[in-house]
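Each remark here refers to the structure printed beneath this line.
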Amino acid sequence: MLPIQEVFPLLQKPCKVFITTHHKPDGDAIGSMLGLSHYLSLKGHTPTAISPSEIPDFLKWMPGCNNVINYEAQPEVAAHALKSADVIFCLDFNDFDRTKHLEQMLTDAAQPKVMIDHHLFPKPVWDYGMSMPEKSSTCEMVYDFIGLCGDNEIIDKNIATCLYVGVMTDTGSFKFPATTASVHFMIGNLMDKGINHTSIHEEVYDAWSESRMRFLGYVLIERMQVFRKYNAALITLSRKEMNLFNVQNGDTEGLVNYPLSIAGIKFATLITERGDEVKMSFRSKGMFDVSNFARLYFNGGGHFNASGGRSKASFEETIAYFKKVLSDNHPK
Ligand code: 5GP
Ligand code: MN
(Lines give C-alpha, C1' and ligand atoms only; values in the text may rest on other atoms or scores of the structure.)
(Ligands and ions follow the chains in the order given, each with its own letter.)
Protein backbone atom coordinates (compact mmCIF):
# COMPACT_ATOMS: atom_id res chain seq x y z
CA MET A 1 0.00 0.00 0.00
CA LEU A 2 1.42 3.37 -1.06
CA PRO A 3 1.39 6.32 1.34
CA ILE A 4 -1.77 8.37 1.07
CA GLN A 5 0.12 11.39 -0.30
CA GLU A 6 0.58 9.39 -3.53
CA VAL A 7 -3.14 9.74 -4.18
CA PHE A 8 -3.01 13.57 -4.19
CA PRO A 9 -2.17 13.83 -7.95
CA LEU A 10 -5.35 11.88 -8.72
CA LEU A 11 -7.35 14.47 -6.78
CA GLN A 12 -5.97 17.43 -8.72
CA LYS A 13 -9.00 17.43 -11.02
CA PRO A 14 -12.65 17.12 -9.88
CA CYS A 15 -13.38 13.45 -9.15
CA LYS A 16 -16.36 11.25 -8.41
CA VAL A 17 -15.43 9.69 -5.09
CA PHE A 18 -17.12 6.59 -3.68
CA ILE A 19 -16.82 6.60 0.11
CA THR A 20 -17.82 3.66 2.24
CA THR A 21 -17.44 2.21 5.71
CA HIS A 22 -18.20 -0.97 7.64
CA HIS A 23 -21.45 -2.87 8.09
CA LYS A 24 -23.48 -1.72 11.12
CA PRO A 25 -21.73 1.65 11.15
CA ASP A 26 -20.89 3.37 14.45
CA GLY A 27 -20.10 7.01 15.24
CA ASP A 28 -16.56 6.81 13.90
CA ALA A 29 -17.70 5.10 10.69
CA ILE A 30 -20.41 7.66 9.89
CA GLY A 31 -18.41 10.61 11.28
CA SER A 32 -15.37 9.85 9.14
CA MET A 33 -17.44 9.13 6.03
CA LEU A 34 -19.45 12.37 6.35
CA GLY A 35 -16.44 14.45 7.45
CA LEU A 36 -14.45 13.35 4.40
CA SER A 37 -17.48 13.77 2.17
CA HIS A 38 -18.04 17.39 3.27
CA TYR A 39 -14.34 18.12 2.81
CA LEU A 40 -14.19 16.63 -0.71
CA SER A 41 -17.30 18.61 -1.69
CA LEU A 42 -15.61 21.83 -0.55
CA LYS A 43 -12.66 20.89 -2.79
CA GLY A 44 -14.91 20.60 -5.86
CA HIS A 45 -15.22 16.81 -5.97
CA THR A 46 -18.45 14.82 -6.12
CA PRO A 47 -18.47 12.35 -3.23
CA THR A 48 -21.12 9.66 -2.71
CA ALA A 49 -21.30 8.12 0.76
CA ILE A 50 -22.55 4.53 0.91
CA SER A 51 -23.30 2.72 4.16
CA PRO A 52 -23.49 -1.08 3.90
CA SER A 53 -26.45 -1.05 6.33
CA GLU A 54 -28.80 1.37 8.05
CA ILE A 55 -27.47 4.32 10.05
CA PRO A 56 -28.51 3.94 13.72
CA ASP A 57 -31.03 6.50 15.00
CA PHE A 58 -28.60 8.19 17.41
CA LEU A 59 -26.51 9.34 14.41
CA LYS A 60 -29.32 10.36 12.05
CA TRP A 61 -29.13 14.03 13.11
CA MET A 62 -25.59 14.39 11.72
CA PRO A 63 -25.03 16.93 8.93
CA GLY A 64 -25.19 15.15 5.57
CA CYS A 65 -26.78 11.95 6.88
CA ASN A 66 -29.78 12.35 4.59
CA ASN A 67 -27.55 12.00 1.56
CA VAL A 68 -25.99 8.71 2.66
CA ILE A 69 -27.15 5.75 0.59
CA ASN A 70 -28.00 2.64 2.59
CA TYR A 71 -26.90 -0.30 0.46
CA GLU A 72 -29.58 -2.57 1.95
CA ALA A 73 -32.33 -0.15 0.88
CA GLN A 74 -30.89 0.93 -2.49
CA PRO A 75 -28.42 -1.65 -3.78
CA GLU A 76 -28.71 -0.55 -7.44
CA VAL A 77 -27.99 3.09 -6.60
CA ALA A 78 -24.94 1.99 -4.62
CA ALA A 79 -23.71 -0.29 -7.39
CA HIS A 80 -24.11 2.48 -9.96
CA ALA A 81 -22.21 4.93 -7.74
CA LEU A 82 -19.36 2.45 -7.51
CA LYS A 83 -19.27 1.83 -11.26
CA SER A 84 -19.16 5.53 -12.11
CA ALA A 85 -16.58 6.47 -9.43
CA ASP A 86 -13.03 7.59 -10.24
CA VAL A 87 -11.63 6.65 -6.85
CA ILE A 88 -12.78 4.65 -3.81
CA PHE A 89 -12.22 5.63 -0.17
CA CYS A 90 -12.74 3.00 2.55
CA LEU A 91 -12.99 4.29 6.10
CA ASP A 92 -12.81 2.60 9.50
CA PHE A 93 -12.28 -0.99 8.32
CA ASN A 94 -9.33 -3.00 7.09
CA ASP A 95 -10.81 -6.05 5.37
CA PHE A 96 -13.46 -5.93 2.62
CA ASP A 97 -15.48 -8.59 4.45
CA ARG A 98 -16.34 -5.96 7.11
CA THR A 99 -18.66 -4.37 4.51
CA LYS A 100 -20.66 -7.60 4.15
CA HIS A 101 -22.71 -7.02 0.92
CA LEU A 102 -20.09 -4.76 -0.66
CA GLU A 103 -17.24 -7.24 -0.29
CA GLN A 104 -17.40 -8.66 -3.81
CA MET A 105 -18.01 -5.31 -5.51
CA LEU A 106 -15.03 -3.75 -3.74
CA THR A 107 -12.81 -6.72 -4.53
CA ASP A 108 -13.73 -6.56 -8.21
CA ALA A 109 -13.54 -2.77 -8.59
CA ALA A 110 -10.75 -1.59 -10.88
CA GLN A 111 -10.52 1.99 -9.57
CA PRO A 112 -7.78 3.09 -7.16
CA LYS A 113 -8.70 2.07 -3.60
CA VAL A 114 -7.71 4.21 -0.63
CA MET A 115 -8.01 3.19 3.01
CA ILE A 116 -8.00 5.34 6.13
CA ASP A 117 -8.22 3.11 9.20
CA HIS A 118 -6.97 2.34 12.69
CA HIS A 119 -7.66 -1.40 13.14
CA LEU A 120 -4.89 -3.94 13.71
CA PHE A 121 -3.62 -6.22 10.91
CA PRO A 122 -4.93 -4.68 7.66
CA LYS A 123 -5.45 -6.91 4.61
CA PRO A 124 -3.12 -5.92 1.72
CA VAL A 125 -5.97 -5.06 -0.66
CA TRP A 126 -5.67 -1.27 -0.91
CA ASP A 127 -3.54 0.75 -3.34
CA TYR A 128 -3.06 3.79 -1.11
CA GLY A 129 -3.77 4.65 2.45
CA MET A 130 -3.08 5.21 6.09
CA SER A 131 -3.25 2.31 8.55
CA MET A 132 -2.46 3.51 12.07
CA PRO A 133 -3.71 1.29 14.92
CA GLU A 134 -2.31 3.74 17.47
CA LYS A 135 -4.81 6.41 16.39
CA SER A 136 -7.86 7.11 18.54
CA SER A 137 -10.26 6.95 15.63
CA THR A 138 -10.63 7.09 11.88
CA CYS A 139 -12.04 10.61 12.37
CA GLU A 140 -8.71 11.70 13.84
CA MET A 141 -7.05 10.28 10.72
CA VAL A 142 -9.44 12.13 8.38
CA TYR A 143 -8.46 15.29 10.27
CA ASP A 144 -4.79 14.37 9.69
CA PHE A 145 -5.53 13.70 6.00
CA ILE A 146 -7.10 17.16 5.61
CA GLY A 147 -4.00 18.58 7.35
CA LEU A 148 -1.70 16.70 4.96
CA CYS A 149 -3.61 18.30 2.10
CA GLY A 150 -2.82 21.67 3.70
CA ASP A 151 -6.49 22.43 4.24
CA ASN A 152 -6.95 22.80 8.01
CA GLU A 153 -8.19 26.32 7.41
CA ILE A 154 -11.21 25.22 5.35
CA ILE A 155 -12.57 22.81 7.97
CA ASP A 156 -16.05 24.17 8.67
CA LYS A 157 -18.62 23.50 11.37
CA ASN A 158 -20.13 20.53 9.49
CA ILE A 159 -16.79 18.78 9.04
CA ALA A 160 -15.83 19.56 12.64
CA THR A 161 -19.13 18.22 14.00
CA CYS A 162 -18.81 14.94 12.09
CA LEU A 163 -15.19 14.39 13.12
CA TYR A 164 -15.96 15.25 16.75
CA VAL A 165 -18.65 12.53 16.85
CA GLY A 166 -16.24 9.83 15.74
CA VAL A 167 -13.46 10.82 18.10
CA MET A 168 -15.90 11.13 20.99
CA THR A 169 -17.54 7.74 20.42
CA ASP A 170 -14.32 5.81 19.68
CA THR A 171 -12.52 7.19 22.74
CA GLY A 172 -15.39 6.59 25.19
CA SER A 173 -15.75 10.37 25.48
CA PHE A 174 -11.99 10.98 25.57
CA LYS A 175 -11.07 8.45 28.26
CA PHE A 176 -9.43 5.54 26.41
CA PRO A 177 -5.61 5.35 26.30
CA ALA A 178 -5.42 6.43 22.62
CA THR A 179 -6.74 9.87 23.63
CA THR A 180 -3.35 11.57 23.26
CA ALA A 181 -2.45 15.21 23.76
CA SER A 182 -2.72 15.70 19.99
CA VAL A 183 -6.30 14.41 20.12
CA HIS A 184 -7.09 17.14 22.65
CA PHE A 185 -5.32 19.76 20.49
CA MET A 186 -7.39 18.62 17.53
CA ILE A 187 -10.59 18.86 19.59
CA GLY A 188 -9.57 22.41 20.53
CA ASN A 189 -9.27 23.22 16.83
CA LEU A 190 -12.63 21.62 16.07
CA MET A 191 -14.22 23.69 18.84
CA ASP A 192 -12.79 26.83 17.23
CA LYS A 193 -14.88 25.94 14.17
CA GLY A 194 -18.03 26.61 16.18
CA ILE A 195 -19.25 23.12 17.09
CA ASN A 196 -21.61 22.70 20.03
CA HIS A 197 -20.04 19.82 21.96
CA THR A 198 -22.77 19.74 24.61
CA SER A 199 -25.54 19.24 22.10
CA ILE A 200 -23.45 16.64 20.21
CA HIS A 201 -23.09 14.60 23.42
CA GLU A 202 -26.81 14.92 24.10
CA GLU A 203 -27.79 13.88 20.57
CA VAL A 204 -25.59 10.78 20.76
CA TYR A 205 -25.92 9.69 24.39
CA ASP A 206 -29.09 11.23 25.81
CA ALA A 207 -31.66 10.33 23.20
CA TRP A 208 -32.74 6.94 24.53
CA SER A 209 -36.30 5.69 24.34
CA GLU A 210 -37.88 4.81 27.68
CA SER A 211 -37.98 1.16 26.64
CA ARG A 212 -34.24 1.16 25.89
CA MET A 213 -33.52 2.45 29.40
CA ARG A 214 -35.77 -0.24 30.96
CA PHE A 215 -34.15 -2.86 28.76
CA LEU A 216 -30.76 -1.83 30.17
CA GLY A 217 -32.14 -2.38 33.68
CA TYR A 218 -33.35 -5.85 32.71
CA VAL A 219 -30.03 -6.73 31.08
CA LEU A 220 -27.95 -5.70 34.10
CA ILE A 221 -30.18 -7.50 36.59
CA GLU A 222 -31.05 -10.63 34.64
CA ARG A 223 -28.48 -11.16 31.92
CA MET A 224 -25.10 -10.16 33.30
CA GLN A 225 -22.88 -12.89 34.72
CA VAL A 226 -19.77 -11.95 36.66
CA PHE A 227 -16.81 -14.37 36.79
CA ARG A 228 -14.77 -12.96 39.64
CA LYS A 229 -11.97 -15.50 39.39
CA TYR A 230 -11.48 -14.60 35.72
CA ASN A 231 -11.87 -10.80 36.23
CA ALA A 232 -14.52 -11.06 33.53
CA ALA A 233 -18.22 -10.55 32.89
CA LEU A 234 -20.61 -11.77 30.23
CA ILE A 235 -23.95 -10.48 28.92
CA THR A 236 -26.00 -12.76 26.68
CA LEU A 237 -29.08 -11.71 24.71
CA SER A 238 -31.25 -14.14 22.81
CA ARG A 239 -33.35 -13.15 19.83
CA LYS A 240 -36.46 -14.06 21.83
CA GLU A 241 -35.79 -11.59 24.63
CA MET A 242 -34.76 -8.85 22.22
CA ASN A 243 -38.12 -9.33 20.45
CA LEU A 244 -39.89 -9.31 23.81
CA PHE A 245 -38.37 -5.92 24.66
CA ASN A 246 -38.84 -4.68 21.09
CA VAL A 247 -35.11 -3.90 20.91
CA GLN A 248 -34.36 -1.48 18.06
CA ASN A 249 -31.32 -1.02 15.87
CA GLY A 250 -28.73 0.69 18.12
CA ASP A 251 -30.36 -0.25 21.45
CA THR A 252 -27.61 -2.73 22.31
CA GLU A 253 -24.92 -0.12 21.55
CA GLY A 254 -22.62 0.37 24.53
CA LEU A 255 -24.12 -2.46 26.64
CA VAL A 256 -20.82 -4.32 26.61
CA ASN A 257 -19.09 -1.45 28.41
CA TYR A 258 -21.18 -1.51 31.59
CA PRO A 259 -19.46 -4.47 33.32
CA LEU A 260 -16.09 -2.68 32.98
CA SER A 261 -17.33 -0.16 35.56
CA ILE A 262 -17.30 -2.93 38.20
CA ALA A 263 -14.09 -2.75 40.22
CA GLY A 264 -11.78 -5.60 39.23
CA ILE A 265 -13.56 -6.46 35.97
CA LYS A 266 -11.10 -6.13 33.10
CA PHE A 267 -12.81 -8.10 30.35
CA ALA A 268 -16.44 -7.79 29.21
CA THR A 269 -18.25 -9.76 26.54
CA LEU A 270 -21.64 -9.35 24.91
CA ILE A 271 -23.10 -12.27 22.97
CA THR A 272 -26.18 -11.49 20.87
CA GLU A 273 -28.23 -13.87 18.77
CA ARG A 274 -28.66 -12.23 15.35
CA GLY A 275 -30.62 -13.41 12.31
CA ASP A 276 -28.12 -15.75 10.71
CA GLU A 277 -25.24 -15.75 13.19
CA VAL A 278 -24.19 -15.08 16.76
CA LYS A 279 -22.39 -11.75 17.25
CA MET A 280 -19.76 -11.19 19.91
CA SER A 281 -18.44 -7.91 21.28
CA PHE A 282 -15.35 -7.79 23.49
CA ARG A 283 -13.99 -4.93 25.59
CA SER A 284 -11.10 -4.83 28.02
CA LYS A 285 -9.24 -2.50 30.33
CA GLY A 286 -5.46 -2.63 30.59
CA MET A 287 -3.22 -5.27 29.08
CA PHE A 288 -5.71 -7.98 28.04
CA ASP A 289 -5.68 -8.13 24.22
CA VAL A 290 -9.25 -8.71 23.03
CA SER A 291 -8.29 -8.27 19.38
CA ASN A 292 -6.19 -11.40 19.70
CA PHE A 293 -8.96 -13.17 21.64
CA ALA A 294 -11.50 -12.37 18.89
CA ARG A 295 -9.13 -13.51 16.15
CA LEU A 296 -8.12 -16.73 17.89
CA TYR A 297 -11.55 -17.99 18.89
CA PHE A 298 -14.29 -16.07 17.10
CA ASN A 299 -13.14 -15.34 13.56
CA GLY A 300 -12.97 -11.63 14.34
CA GLY A 301 -10.61 -8.81 15.16
CA GLY A 302 -10.50 -5.11 15.96
CA HIS A 303 -8.44 -3.20 18.50
CA PHE A 304 -6.42 -4.20 21.56
CA ASN A 305 -9.17 -3.10 23.98
CA ALA A 306 -12.27 -3.34 21.73
CA SER A 307 -13.00 -6.11 19.29
CA GLY A 308 -15.72 -8.26 17.84
CA GLY A 309 -16.33 -11.59 16.20
CA ARG A 310 -19.02 -13.99 15.11
CA SER A 311 -19.99 -17.62 15.28
CA LYS A 312 -22.10 -19.87 13.07
CA ALA A 313 -22.76 -22.27 15.96
CA SER A 314 -26.03 -21.94 17.89
CA PHE A 315 -26.46 -19.26 20.54
CA GLU A 316 -26.25 -21.82 23.37
CA GLU A 317 -23.22 -23.58 21.88
CA THR A 318 -21.45 -20.26 21.42
CA ILE A 319 -22.01 -19.33 25.07
CA ALA A 320 -20.71 -22.72 26.21
CA TYR A 321 -17.67 -22.43 23.95
CA PHE A 322 -16.98 -18.91 25.21
CA LYS A 323 -17.06 -20.07 28.84
CA LYS A 324 -14.66 -22.89 28.04
CA VAL A 325 -12.26 -20.54 26.28
CA LEU A 326 -12.56 -17.99 29.10
CA SER A 327 -11.38 -20.49 31.68
CA ASP A 328 -8.06 -20.78 29.79
CA ASN A 329 -7.67 -17.20 28.56
CA HIS A 330 -8.58 -14.29 30.81
CA PRO A 331 -6.98 -11.24 32.41
CA LYS A 332 -4.86 -11.90 35.47
P1 5GP B 1 -18.33 -3.91 18.13
O2 5GP B 1 -18.24 -4.75 19.34
O3 5GP B 1 -18.66 -2.49 18.47
O4 5GP B 1 -19.18 -4.50 17.07
O5 5GP B 1 -16.89 -3.88 17.50
C6 5GP B 1 -15.78 -3.47 18.22
C7 5GP B 1 -14.58 -3.40 17.32
O8 5GP B 1 -14.27 -4.69 16.80
C9 5GP B 1 -14.77 -2.51 16.13
O10 5GP B 1 -13.61 -1.75 16.00
C11 5GP B 1 -14.94 -3.43 14.96
O12 5GP B 1 -14.36 -2.92 13.83
C13 5GP B 1 -14.26 -4.71 15.40
N14 5GP B 1 -15.07 -5.86 14.96
C15 5GP B 1 -16.34 -6.14 15.32
N16 5GP B 1 -16.77 -7.27 14.73
C17 5GP B 1 -15.74 -7.72 13.98
C18 5GP B 1 -15.56 -8.85 13.12
O19 5GP B 1 -16.42 -9.69 12.95
N20 5GP B 1 -14.35 -8.96 12.50
C21 5GP B 1 -13.34 -8.06 12.70
N22 5GP B 1 -12.18 -8.24 12.06
N23 5GP B 1 -13.48 -6.99 13.50
C24 5GP B 1 -14.65 -6.81 14.13
MN1 MN C 1 -13.14 3.45 14.52
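The values are calculated or read from the model by the stated rules, or taken from the named source; none is laboratory data. All figures in this text were calculated on a predicted structure; none of them were measured in a lab. All Cβ positions, glycine included, derive from the backbone under ideal geometry; neighbour counts span all protein chains shown.
One residue stands out in the range 292-303 among those that are of a type outside the set (K, R) and away from ligand 2 (no atom under 13 Å from the Cβ): the one that is nearest to H23 (Cα to Cα), namely G300.
Given the structure, is V278 of a type outside the set (G, A, S) and within 16 Å of ligand 2 (Cβ to nearest atom)? Show your work before the answer.
Details: of a type outside the set (G, A, S): yes; within 16 Å of ligand 2 (Cβ to nearest atom): no.
No: the conditions fail for V278.
Just give me the residues in the range 311-328 being polar (S, T, N, Q) and under 26 Å from the mean Cα position of the chain (by Cα), in sequence order. If the condition is that a residue be polar (S, T, N, Q) and under 26 Å from the mean Cα position of the chain (by Cα), then S311, S314, T318 are the ones that fit.
The single residue among A233, A294 that is surrounded by 16 or more Cβ atoms within 10 Å (Cβ to Cβ), modelled with pLDDT of 95 or more, of a type in the set (A, V, I, L, M, F, W, C) and touching a Gly at 6+ places or on another chain (Cβ under 6 Å) turns out to be A294. Taking only pairs six or more apart or across chains, which ones have beta-carbon atoms under 7 Å, a first residue in the range 185-206 that is more than 11 Å from L163 (Cα to Cα), and a second residue that is of a type in the set (G, A, S)? Final answer for the pair search is K193/A160; V204/G27.
Considering the range 97-121, the residues that are closer than 14 Å to P52 by Cα and touching a strand residue (DSSP E or B) at 6+ places or on another chain (Cβ under 8 Å) include one that is nearest to ligand 2 (Cβ to nearest atom), namely T99.
Scan the range 297-320 for residues that are more than 23 Å from D95 (Cβ to Cβ) and buried (at least 17 other Cβ atoms within 10 Å of the Cβ) and jot them down. Across the range 297-320, the qualifying residues are F315, I319. In the set (1) at pLDDT 95 or above; (2) touching a Ser or Thr at 6+ places or on another chain (Cβ under 6 Å); (3) outside any helix (DSSP H, G or I), D28 fails one condition alone, (3).
Rundown of residues vs (1) in contact (Cβ under 8 Å) with a residue 40 or more places away in the chain; (2) part of a strand (DSSP E or B); (3) within 16 Å of ligand 1 (Cβ to nearest atom), yes/no style:
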| position | (1), (2), (3) |
| --- | --- |
| M242 | no, no, yes |
| T252 | no, no, yes |
| T272 | no, yes, yes |
| D276 | no, no, yes |
| K279 | no, yes, yes |
| F282 | no, yes, yes |
| M287 | yes, no, no |
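Answer yes or no: is there a residue in the range 59-79 that is within 16 Å of ligand 1 (Cβ to nearest atom) and either modelled with pLDDT of 95 or more or part of a helix (DSSP H, G or I) (or both). Full working, then the answer.
Of the residues in the range 59-79, the ones within 16 Å of ligand 1 (Cβ to nearest atom) are 59.
Within this subset, residues satisfying the condition of being either modelled with pLDDT of 95 or more or part of a helix (DSSP H, G or I) (or both) are 59.
So far as the range 59-79 goes, yes, one or more of its residues are within 16 Å of ligand 1 (Cβ to nearest atom) and either modelled with pLDDT of 95 or more or part of a helix (DSSP H, G or I) (or both).
Considering only the range 146-173, state which residues are within 16 Å of ligand 2 (Cβ to nearest atom), crowded, with 23+ Cβ neighbours inside 10 Å and of a type outside the set (G, A, S). First the steps, then the outcome.
Residues of the range 146-173 that are within 16 Å of ligand 2 (Cβ to nearest atom), as a first pass: 162-173.
Now narrow it down to the ones that are crowded, with 23+ Cβ neighbours inside 10 Å: 162-170.
C162, L163, Y164, V165, V167, M168, T169, D170, listed by residue number.
For every residue, the table says whether it meets (1) closer than 27 Å to S307 by Cα; (2) surrounded by fewer than 20 Cβ atoms within 10 Å (Cβ to Cβ); (3) aliphatic (A, V, I, L, M).
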| residue | (1), (2), (3) |
| --- | --- |
| L10 | no, yes, yes |
| T21 | yes, no, no |
| G31 | yes, no, no |
| A49 | yes, no, yes |
| P52 | yes, no, no |
| I55 | yes, no, yes |
| W61 | yes, yes, no |
| N66 | no, yes, no |
| Q74 | no, yes, no |
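Where residues in the range 97-114 are over 20 Å from K13 (Cα atoms) and buried (at least 22 other Cβ atoms within 10 Å of the Cβ), which of them is nearest to ligand 1 (Cβ to nearest atom)?
Kept after step one, since they are over 20 Å from K13 (Cα atoms), are these residues of the range 97-114: 97-109.
Of the ones still in play, those that are also buried (at least 22 other Cβ atoms within 10 Å of the Cβ) are 98-99, 102.
Values: R98: 6, T99: 11, L102: 15 Å.
Among those residues, the one meeting the criterion is R98.
Scanning the range 292-307 finds one or more residues that are on the phi > 0 side of the Ramachandran plot, out of contact with any helix residue (DSSP H, G or I) (no Cβ under 9 Å at 6 or more places or on another chain) and not hydroxyl-bearing (S, T, Y). Taken over the range 219-240, the criterion of being in a loop (DSSP other than H, G, I, E, B) and closer than 22 Å to S314 by Cβ is satisfied by S238 alone.
Considering only the range 265-272, I want to know if a residue exists there that is surrounded by fewer than 20 Cβ atoms within 10 Å (Cβ to Cβ) and under 27 Å from D117 (Cβ atoms). No - not one qualifying residue is present in the range 265-272. All of F215, F227, F185, F176 fail the test of being in contact with an Asp or Glu (Cβ under 9 Å, 6 or more places away or on another chain), over 24 Å from D57 (Cα atoms) and aromatic (F, W, Y), apart from F176. Of the strands (runs of 3 or more DSSP E) contained entirely in the range 86-186, not one carries at least 2 residues that are of a type outside the set (F, W, Y) and more than 22 Å from F18 (Cβ to Cβ).
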